[in-house]
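A short worksheet on the structure shown next.
None of the figures in this text is laboratory data; all of them are computed from the coordinates on show. No experiment lies behind these values; they were computed from the predicted model shown. Here the Cβ positions follow ideal geometry from the backbone for every residue, glycine too, while neighbour counts run over all protein chains shown.
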Amino acid sequence: MPDRTINCSDCGKDFAFTEREQEWYREKGLTHEPRRCRDCRAAKKAGGGPSHGPGHGGGGDPHGGGGGDDRPRRPARSREMHRVACSACGKETEVPFKPDLSRAVYCRDCFAARGKKR
């Protein structure tokens with residue numbers, strides 16, 4: 001299978017999808033080809049936006065292919081918060097779980113203070 005040239009969806013530059021990378025994709029069962037160049041994949045993985053120049057590091061897998069970071073992401077679920085009084089100081093706080101009356105629930109400050117005592 002010959003090398004293929006792909007246009008990066010972020011920066012618009014052409015990049016090579018080598019025969020070796022294509023083989024790696026097949027071995028991993030990946031059916032979609034990468035959409036981003038190595039620099040833009042690295043920038044996305046590092047939490048930045050699209051890359052527009054050199055010096056953004058290498059890709060995530062040993063062969064330089066896109067390690068699957070082009071998969072659609074699930075939307076973040078909003079957590080149901082529950083209001084409760086802190087067991088230590090009595091201050092009202094919110095927690096992301098339904099409080100169980102058999103266990104103490106602490107506000108952020110009291111929880112942090114308890115961790116330092118251990």
_Once you place label points 7 Å from the Cα toward the Cβ at Glu80 and Arg4, how far apart are they in nm?_
4.5 nm
*Likely footprinting exposure, Phe17, Phe97, Phe111, fewest C-beta neighbours within 10 Å first*: Phe97, Phe111, Phe17
_Reachable lysines from Lys45, criterion Cα separation under 23 angstrom, eight or more residues apart if same chain_ = Lys13, Lys28
